[in-house]
Amino acid sequence: MNLYTVLENRSSSSFVSLMILKEDSQDLVDSLLLAKIFTVKGCRVKSAKEKDAWVKLRGDELSLLIMQVKCLTAELGHWKKRTPEITPMTEDILVTLGKEEFQKLRHNLEMVVSTIQSKNEKLKEDLEREQQWLDEQQQILESLNVLHSDLKNQVVTFSESRIFNELKAKMLSIKEFKEKLLCTLGEFLEDHFPLPDGTIKKKKKNTQESNAELITLNEMIEMLINRMFEVPHDPYVKISDSFWPPYIELLLRYGIALRHPEDPTRIRLEAFHQ
């Protein structure tokens, strides 16, 4: 190795190609190999000092590759000088070659058969798994069909007459409950809120000079209730002489009845249902 020369420097791609030139043209292959080794991707040799340091670092690898190239070159020259021997095509040789080819073909076929068998086993496993899933789905479907049949048998066809009868029965039941509730309320009011006795009635006649017959608290409330549901747009009732004033004050004081905002002689029942 007498001289190192940088033949090409490609700055655009950041590649430096180094070629080792030797005086003997017989080592051209070595020079090309050295140029490939000294090509550094992404690194540019700027000075001779850096080049020498890099060459020293790669010296061992370079020497090994040069030896390998020389060995391969020598072997190539040996094979070029050697003339190939033509094997006589006798019957024994042909049989031997045929057996070797047959063995190779048999070996390849055995490998293909083994591969196909492994694939078949995998497909069988997949088929068994899919068949198991199909059986489970069929069982679920059968269960759902049985459940659907049971529900279908339990469905009762409703006719208009049946619905009407049921509603009529409910209305009768509500009406009976209402009558029972009103009867209970009347008994309660008669027991706890009776009409005034003869003395008070006589005093009332003397003071107010009225011959009207007083009605019970139950009758007053029932009158207010009927008025509210029969004439909802005008639920007020005119206060007559048959209304005992203490009961009127009782209804007004406890919020059971309300007085008309413009006519104090009219009262109505509080709309508890709204």
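A compact table of results
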| quantity | calculated |
| --- | --- |
| Peptides 253-263, 221-231, 167-177 ordered by average Cβ neighbours within 10 Å, highest first | 221-231, 253-263, 167-177 |
| Neighbourhood net charge (14 Å Cβ-Cβ; Lys/Arg +1, Asp/Glu -1) for L182 | -3 |
| Of K99/K119; K99/K122; K152/K178; K99/K124, those spanning more than 32 Å from alpha-carbon to alpha-carbon | K99/K122; K152/K178; K99/K124 |
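The numbers here are math on the coordinates, done by the rules we state, and not lab data. Just so it is clear, the model here is predicted, and its values are computed rather than measured. With ideal geometry, Cβ positions are generated from the backbone for all residues, glycine too; neighbour counts draw on all protein chains shown.
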